[in-house]
Every structure is written in C-alpha cells, then in structure tokens.
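Just so you know, all these numbers are worked out from the coordinates, no wet-lab data involved. None of the values given here were measured: they were computed from a predicted structure. Please note: Cβ atoms are built from the backbone with ideal geometry, for glycine as well, and neighbour counts cover all protein chains shown.
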C-alpha cells in the first residue's frame, strides 16, 4: 500500500516546477512513511530523495530505479524470460539480468533472495513476482513509480 501512495506522490511531484525533497523512514512499529518534511529527530535510517527538476519520464524512471531496482532472474532459452525482458525494454525500465544457469551458487543466492528457483522471477524492489503475467508486472512497476511508455 505504501508503494502505491509513493507512486501517486511521485507523479504529483513530477508536474511541480519547484524543487522537492522526499523523506522515507520506518517507525518502530514497522510503518513506512513518506513525507516532504523531515522525520522526528528520534527516527533512524532516513532515506532522502531529491525530486526537484523531474520533468521527463527518464528522470522519474531513474528515481524509481534507485528506490525499487528491478532484477530479472532468467535462463537462456526461457521464452517467458525473453517476454519479460522485451516488456521491460519496451517500457524503458532499467533492469539487471541474472542468468541462474551459470552456477549452483547463483541459484542458491536467488533462492535466498526470492524464495524461488523458478524462472522467470522478477524483483521490483523487495517485491517478488514468479512467472510472467504482463498485467501483474505492469501493476507492480506502476506501484513502484515507473512511468508508462506512451503507445506510438
């Protein structure tokens, strides 16, 4: 839910001409808060995102990728993996590709990070998607703040 609020907040700031700073922190109860004012002094682990001057989708993508990086775990001849890669490229989402067939260590690392050994597995920030359904991936990317690429 906090990611959806963040996405809406980011889009609201995109149109603003003035510089903006966004603060993100987690309170002692585990509630994630995003505000344009600094948190109380007692809060630790504050993430500051400077959003001033975001006038293009590329700037918004960069801000989203810093907060919610995308990682695609794939195998070389996996058709759904190729579809995910093509979709991310069409949407101009920066992403890292990890070939899980290179070693058992890579597969173990994937299992540790995602809880899965299925390909494709996609991480959008800390969210894990197993398999490929374009509508689900699109919704997750939008919630993370990645802009849509206009159809030509």
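Details
- Scanning the range 76-88 for residues that are in contact with a strand residue (DSSP E or B) (Cβ under 7 Å, 6 or more places away or on another chain) and loosely packed, with under 15 Cβ neighbours inside 10 Å yields a total of 1.
- Some residue of the range 78-85 being assigned to a loop (DSSP other than H, G, I, E, B) and under 28 Å from residue 23 (Cβ atoms): no
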